[in-house]
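Q: Here's a structure for you.
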């Protein structure tokens, strides 16, 4: 099935104004009706927790109320409806969004994607031996350079039965690209080459919910710039910056008022159906190649010279 990845996430939040400001400071653009979008139109829809239009909350109290996937065409949408109708309720709203739920109770939506192509150059580096270097007299970074989220990348769930959860998404054409032993799989739907748009983590039932979500940036420098600006606005770094092993993506995670973590990511691996999934033991050694700690700006001088 030609599922491209998540188009938007729906949250029912406890403190709407704090969440709104958080998403604006993160770099999303407010459009209308509580929607906050990246450059390609993917994004986050905010609602008050008790909004009656929201799907029922998970028993855990997770503020994520629905994940809405974008698909390539009506044929894919019809195939999803046919598959889901085999064993669960399906509802199609007035805007043509298909609503249902997965085997863990997460509300799911599907629609023909409304994302728009982003035609911005990726980050280029100057390296001896590479013909595709940055043009002469073009600086690699600046204090005022844009660093806006480009596209909703992936979402990570805590689930009580990772095998059952994976089996459900395989029905929809998701395949495993890599796996952490006894933890869960990284899953890629059929309509993208991104290493993953969904990662499942085995957890106790009371933790069922979202662990984090993230948006793609234009490269490591944009990630570092956006994260540094976020810290300077007073937000708390949770993990990073660094670079993951499985997926190879750069990362920087932050605490959020959405009841989960939020991440910036950049330079994720891409795979096709010839890729052979890897499996790694969970733990710090296999989770990142390196991990950095942010600190305030510093400069050498006589007052802080080292012997």
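Q: Against the condition at pLDDT 95 or above, part of a loop (DSSP other than H, G, I, E, B), within 23 Å of residue 279 (Cα to Cα) and touching a helix residue (DSSP H, G or I) at 6+ places or on another chain (Cβ under 9 Å), how does residue 247 come out, does it pass?
A: no
Q: So, residue 134, is that one surrounded by fewer than 19 Cβ atoms within 10 Å (Cβ to Cβ), over 21 Å from the mean Cα position of the chain (by Cα), modelled with pLDDT of 95 or more and assigned to a loop (DSSP other than H, G, I, E, B) or not?
A: Against the criterion (surrounded by fewer than 19 Cβ atoms within 10 Å (Cβ to Cβ), over 21 Å from the mean Cα position of the chain (by Cα), modelled with pLDDT of 95 or more and assigned to a loop (DSSP other than H, G, I, E, B)), residue 134 does not qualify.
Q: Please state which of the following conditions residue 181 fails to meet, knowing it meets all the rest: (1) farther than 22 Å from residue 60 by Cβ; (2) in contact with a strand residue (DSSP E or B) (Cβ under 7 Å, 6 or more places away or on another chain); (3) buried (at least 16 other Cβ atoms within 10 Å of the Cβ).
A: It is condition (3) that residue 181 fails.
Q: Output the residues belonging to the range 273-290 that are assigned to a loop (DSSP other than H, G, I, E, B) and under 10 Å from residue 177 (Cβ atoms).
A: Those that are assigned to a loop (DSSP other than H, G, I, E, B) and under 10 Å from residue 177 (Cβ atoms): 275, 276, 277.
Conditions tested, residue by residue: (1) modelled with pLDDT of 95 or more; (2) exposed (fewer than 13 other Cβ atoms within 10 Å of the Cβ); (3) part of a strand (DSSP E or B); (4) within 18 Å of the chain's Cα centre (by Cα).
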{"site": "223", "(1), (2), (3), (4)": "yes, no, no, yes"}
{"site": "243", "(1), (2), (3), (4)": "yes, no, yes, yes"}
{"site": "251", "(1), (2), (3), (4)": "yes, no, yes, yes"}
{"site": "296", "(1), (2), (3), (4)": "no, yes, no, no"}
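Q: Condition first: assigned to a loop (DSSP other than H, G, I, E, B) and closer than 14 Å to residue 154 by Cα. Now tell me which residues in the range 188-207 satisfy that.
A: Result: 189, 191, 192, 193, 195, 196, 197.
Q: When residues of the range 18-66 are filtered for being in a loop (DSSP other than H, G, I, E, B), out of contact with any helix residue (DSSP H, G or I) (no Cβ under 7 Å at 6 or more places or on another chain) and touching a residue at least 60 places away in the same chain (Cβ under 8 Å), how many remain?
A: Residues flagged as in a loop (DSSP other than H, G, I, E, B), out of contact with any helix residue (DSSP H, G or I) (no Cβ under 7 Å at 6 or more places or on another chain) and touching a residue at least 60 places away in the same chain (Cβ under 8 Å) within the range 18-66 amount to 11.
Q: Any residue in the range 224-240 that's farther than 10 Å from residue 252 by Cα: show its pairings with residues that are modelled with pLDDT under 95 and not in a helix (DSSP H, G or I) at Cβ separation under 6 Å, as long as the two are six or more apart or on different chains.
A: Close Cβ pairs satisfying both conditions: 231/294.
Q: From 65, 47, 20, grab the single residue that is closer than 28 Å to residue 204 by Cβ and surrounded by fewer than 22 Cβ atoms within 10 Å (Cβ to Cβ).
A: None of the others qualify; the one that does is 47.
The values are calculated or read from the model by the stated rules, or taken from the named source; none is laboratory data. Quantities reported herein were computed from a predicted structural model and do not represent experimental measurements. All Cβ positions, glycine included, derive from the backbone under ideal geometry; neighbour counts span all protein chains shown.
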